[in-house]
1. Yes or no: the stretch B:81-89 includes at least one residue that is within 10 Å of ligand 1 (Cβ to nearest atom), within 14 Å of another protein chain (Cβ to nearest Cβ) and over 15 Å from the mean Cα position of the chain (by Cα).
2. Kindly check whether there is at least one residue in the stretch B:143-166 that is open to solvent by less than 20 Å² (accessible area, probe 1.4 Å), among the small types (Gly, Ala, Ser) and more than 30 Å from B:TYR42 (Cα to Cα).
3. Tell me, which residue of the stretch A:378-401 that is in a loop (DSSP other than H, G, I, E, B) and touching a strand residue (DSSP E or B) at 6+ places or on another chain (Cβ under 8 Å) is farthest from the other protein chains (Cβ to nearest Cβ)?
4. If I filter the stretch A:407-437 down to residues being open to solvent by less than 30 Å² (accessible area, probe 1.4 Å) and touching a residue at least 40 places away in the same chain (Cβ under 8 Å), which single residue comes out as farthest from the other protein chains (Cβ to nearest Cβ)?
5. Please work out which residue is farthest from ligand 1 (Cβ to nearest atom), limiting yourself to the stretch B:25-50 and to residues that are open to solvent by less than 10 Å² (accessible area, probe 1.4 Å) and small (Gly, Ala, Ser).
6. Just to be sure before I move on: is A:ILE237 of a type in the set (Val, Ile, Thr) and either under 22 Å from the mean Cα position of the chain (by Cα) or more than 10 Å from every other protein chain (Cβ to nearest Cβ) (or both) in the structure I sent?
7. In this structure, does A:ILE53 turn out to be open to solvent by 30 Å² or more (accessible area, probe 1.4 Å) and without any contact (Cβ under 8 Å) to a residue 24 or more places away in the chain?
8. Checking B:ALA172 against (1) within 16 Å of ligand 1 (Cβ to nearest atom); (2) crowded, with 20+ Cβ neighbours inside 10 Å, which single condition isn't satisfied?
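The values are calculated or read from the model by the stated rules, or taken from the named source; none is laboratory data. Just so we're clear, the structure is a prediction, and the values are computed from it rather than from any experiment. We place every Cβ from the backbone using ideal geometry, glycine too, and count neighbours over all the protein chains shown. Keep in mind that these areas ignore ligands, DNA and RNA; they rest on the heavy atoms of the full protein, side chains included. Shrake-Rupley method; radii C 1.70, N 1.55, O 1.52, S 1.80 Å.
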Amino acid sequence: MNLEMPTMETGSISLAITGSGGSGAVTAGLILLEAAAKSGLYGLMMRSAGPQIRGGESLSLLRLAGSPVACMDDHFDLLLGLDWHNAGRFAQEIPLHASSLILSDPAIGAIPDTFTAGGAVVRGLTFKDRAARVDGGRLNMVAVGTAGALCGLPQDMLALAADEILKAKGPGVVEAATACVAQGYALATEHDVPATKPTHSTLARWNISGNEACGLGALRGGVRFVAAYPITPATDILEWLGPRLEQLGGLLVQAEDELASINMVIGASYGGVPALTATSGPGLSLMQEGLGLAVASEIPVVVIDVTRGGPSTGIPTKPEQSDLNVALYGMHGDAPHLVLAPLDVRDCAFTTQWAVRLAEHLQTAAIVLSDQSLGQTRAVTDPAKLPGIPLQRVTEPSPASDYRRYALTADGVSPMTLPGTKGGMYTADGLEHDAFGIPSSLAADHHQQLDKRRRKIEAFDFGSDWAELRGDGKLCLICWGSSSGATFEAGERLLADGIAIRVIALRLLAPLRSDALAQALAGVEKVWVVEQNHSGQLYHYLRSYGVLPEDAHSLAKPGPIPLRPGEIIEAVKHG
Amino acid sequence: MQAKMSTPALQARDYKSGVKPIWCPGCGHFAVLAAITRSLAYLELPREEVALISGIGCSSRLPAYVDSYGFHGLHGRALPLATGLKVARPDLNVLVTGGDGDGFSIGGNHFLHACRRNIDLTYVVMDNRVYGMTKGQASPTTAPDWAASKMTPHGTGVRRFQPAAIALAAGATFIARGYSGDPKGMTRILAEAIRHPGFSFVHVLSPCVTFRPDQRSWKTEVHPFPADAGNDPVEAARRIHADDGMGLGIIHAESLPVWPARQETETTLAAIEKEFLV
Ligand SMILES: Cc1ncc(C[n+]2csc(CCOP(=O)(O)OP(=O)(O)O)c2C)c(N)n1
Ligand code: SF4
């Protein structure tokens, strides 16, 4: 029997692992990803689960490659069934092609028709029997051995990864797992697996999730105070930050709600400590009034919105890019602020760090739009890059006797005294105020302060990080945040097909660098705006600035299934 | 100590900012402002080490009138803002001021959680049993049959919120009641409240002369709280319920660990980044 798999050299390998209630699909995925990392590969792992709080069906989706990958592929090459109970519900998330391979032990039950209907090759393997040969052996670890061999991962790397991930469960568990991996490996070699050799990268790489990367970016940016209320899919950021903030002398406060979170963050930042909160759509809605206060009183704050399907409670465990409008327009009044979006898992660290430093320097609110597909995806990637010039909060340590907290400066940034500074006392206010901070409803004060708050953001030189630009074709794809991974890959494939293409991935959404964008669009004849929401929120935003050609197209697809490169290519070629 | 002796002690008036209050002549909030500046002078707190945080309402305008750091934030959200500031800057003396609408209605949830956290804040609520700023609607402490607001022409028909009882039930470790007609007593209470380590709640009866002229009668209705403060919450509960809500003085003072407990710094960012290395 031949278990042929595409080799790494031809691109990447995609595999899906289905399980249910404790069958270990997630653990298997984590071990394979870490083993791939240790073998010199790059990769991604997304996970999915049914609606149950515990147990129920679960799914790991992996893509392993010799170079960095930022999205899932169009199809899965390998489907590994650990348990088929309710797995049919995942059919849409696991597209297969005619030569996909399904591996499963007939002893665990029949493969749902939905997976075999497209002609995928099915192979029955004796996972269960092999696991039974090991004291304390588990089927998922046998499957890891087989899948690892198929992907060309060395057996010792699988054993190392299993040790690392299962260590906390005790030496007995690790020992049994290692023995099962060996059983699975042997099972694969018995079936003439062509030895595929991964291309090794010897560079330092990270194994990190988007939510962890956001947390790291916050710490790198100097955040030492976080207040937040738990919400899926943002909670992991908070759970990661909680202990680490304490170890660095900071604190995470679990607030009573998001109204408290944002106001606590404003208070801490007023005191001089860079502060942040993380939430998802429902929490961002509750924070709008507080964000407006930060803008008006010119206190730096950062909110990470790990977006999920909306509106209302929506689809808490699945991605969507549908909070752009509320991030841009949610505040009442004219409230200039920053909106940024990381372009991939690794970029979550850079973008969050940059957002913190920008908010600190510009004394305003920054909203970072991550989403479930970045936050809860684990990537093996190059270490995150660091922002260029360090941006500092402009403080006033020795105020003159006529100190004005909201002085009308040329660049719009007014030096801020921190509590404790002698002679710099002022009352920060959400009421409109004059340059001293004294409440005022005079037209002149209102206009001057509005101008100043706009000026400091509009006139700031954001450098080249506002977007990532690739290619110079006359056909252009514009994307933002998490839709960038699939869009970049679609661009690469189109280019390989001889279609000259340009991709513009926006990281800074507000203030829109419309001049730079117009320049980046120079010579373009056809534009597609790619995003994961129902109404084309970026498309309409860009339209309102008049930067798009008249016949620009919108490719807006709502969640919960992540965008794939193939559907972007399809739209561009035939749309 | 020496530095302190070389500068002349500040008087209460030195804590006034010079910004003219927007309050109606005769408003009870003037006396609260005076008592706050007097207690700050009495405790000799350096002005730059004091922060006054408030929400929105007539009473919440107070921080701008004090020469200290301050934040006039959102309606109902003064306590969380102050909580963030105090956690970030434990060196500051943080006072929170506001009204009964601000603190017990829109900010009611934060009131409960600030009490149970026992963070070292002093919270002064100027209760006039009405929304002054929005011109005379019922508040949570308004009697159910008060029918003077067009919005509730037959009264609210809802029982009154009991600030002291609720603060006690939520875990406040210092509870007192003052009256703007008794500035001396209020100053003494405020000084004790600021000194108290942990969350101190000062409920001040502060009449609204404009929308509640009937509150002139308060001067004959107030009386000393039936007994001196104890540290037993069960006893305090009994006394609060036996009182008519007009008893003045320190009602309850209990010593409990102050939140948050401080942790020692024990790692570096570089060490944290290493976790991700393959
Ligand atoms: C979110 C929000 N809702 C409503 C208001 C309007 N508002 C301003 S002050 C106030 C009530 C103030 O009453 P209280 O706190 O008792 O203070 P007082 O004016 O009586 O001193 C209200 C409802 C607001 N500013 N913000
Ligand atoms: S309306 Fe009432 S509470 Fe407001 S300032 Fe006037 S008297 Fe004071």
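1. There is no residue in the stretch B:81-89 that is within 10 Å of ligand 1 (Cβ to nearest atom), within 14 Å of another protein chain (Cβ to nearest Cβ) and over 15 Å from the mean Cα position of the chain (by Cα).
2. yes
3. This residue is A:VAL394.
4. Within the stretch A:407-437, the match that is farthest from the other protein chains (Cβ to nearest Cβ) is A:GLY412.
5. Going through the qualifying residues, I end up with B:SER39.
6. In short, yes.
7. yes
8. With respect to (1) within 16 Å of ligand 1 (Cβ to nearest atom); (2) crowded, with 20+ Cβ neighbours inside 10 Å, B:ALA172 is out only on (1).
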